[in-house]
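Here the structure is laid out as structure tokens; the discussion comes afterwards.
The values are calculated or read from the model by the stated rules, or taken from the named source; none is laboratory data. Owing to the predicted nature of the structure, the values given are computational and were not obtained by experimental measurement. Ligands, DNA and RNA are stripped out before the accessible areas are found, and what is left, the full protein with its side chains, is counted by its heavy atoms. Shrake-Rupley method; radii C 1.70, N 1.55, O 1.52, S 1.80 Å.
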Amino acid sequence: MNISHQRVIKFRGFSNFRDLGGYPADGDARVKWGVLYRSGHLAKMKSSDLTRFKQLGIDTIIDFRSDPEREKDPNRLPDSLNLKTLSIPILDPSTSSWAEDLKMAIQNREFQDFDASEKMREWYQELAVGHVDQYRQFIHGVLNAQGAPVLWHCTAGKDRTGFAAAILLCLLGVSQDIVEKDYLLSAKYADQRKALIWMLRLSRGKEAAETVRTFFQVKKGWIEAAFQSIDA
């Protein structure tokens with residue numbers, strides 16, 4: 001079971017586990033394979049997943065989830081591994097101040113004043129300028145591993161994790177275009193919560209389902225907004 005040099009590593013119990021290796025950087029450099037991994041949470045690992053996870057030789061796991069998220073879905077990890085773990089809580093957008101606005105919009109079926117995509121764009125700007133300390137800790141967590149494999153994740157592995165991957169790849173000299181393409185891969189590999197969306201569509205209508213669906217997506221304009229905030 002050779003899992004070296006694979007962009008997406010498939011597991012049965014969870015999704016969006018990706019290796020950042022192989023991306024071209026400044027000059028003739030390339031990001032090393034098998035060192036930098038990004039993912040969603042690891043709470044639903046199957047027995048076969050635990051075996052495959054051991055093969056990666058991961059030294060450090062960095063978890064961006066909030067305390068309630070970790071308590072709800074604690075990671076399941078191989079007992080035999082001597083893993084270093086670093087918790088750097090960053091609130092999920094669902095816990096943001098506008099979560100109650102979304103709840104009310106769904107209950108009342110009134111969405112004319114609620115732009116989900118704009119809310120996410122604003123939240124990405126907040127990631128860039130309001131969580132500098134947390135992302136500083138992340139970078140130092142990667143450095144402290146001294147070249148040993150590192151995995152970082154949140155719940156879906158697309159927003160908090162995606163921004164972490166983006167700034168790290170930029171620091172390694174990867175072009176902005178490739179950074180954005182890596183970020184957008186989550187549109188294909190992250191959990192889209194299709195069952196939840198379908199149930200919302202049945203119970204609250206199409207507009208409610210499409211509004212909530214937005215929060216499980218990734219969009220180029222969101223990551224661009226984060227970098228524009230950094231530049232500003």
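Summary of values
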read-out	value
Rg/Rg_globular for region 1-81, with Rg_globular taken as 2.2 N^0.38 Å and Rg from C-alpha atoms	1.19
Accessible surface of the chain [probe 1.4 Å, protein heavy atoms]: carbon and sulfur percent	49 percent
The chain, relative contact order in percent, only Cα pairs under 8 angstrom and at least six apart counted	25 percent
Hits among lysines - C-alpha to C-alpha of Lys72 under 16 Å, sequence gap 8 or more where chains match	Lys44
Theoretical ellipticity at 222 nm over the chain - DSSP helices of four or more residues, -39500 (n - 2.57) apiece, nearest 500	-14000 deg cm²/dmol
Residue order for Leu102, Leu202, Leu127 - accessible surface, 1.4 angstrom probe, largest first	Leu202, Leu102, Leu127
Principal axis dimensions, region 74-204 - Cα atoms, whole angstrom, descending	52, 36, 27
Sequence-separation-based contact order of region 13-57, relative, with Cα cut under 8 Å and 6+ spacing, percent	41 percent
Nonlocal amide H pairs with Ile62, under 5 Å, H built at 1.01 Å	Leu86, Leu151, Trp152, His153
From phi via Karplus (6.51, -1.76, 1.60), per-residue ³J(HN,Hα) for region 55-60 in Hz, x at Gly/Pro	5, 6, x, 5, 9, 9
Scattering profile of the chain at q = 0.13, 0.18 Å⁻¹ [log10 I(q)/I(0), Debye over alpha-carbon scatterers]	-0.79, -1.45
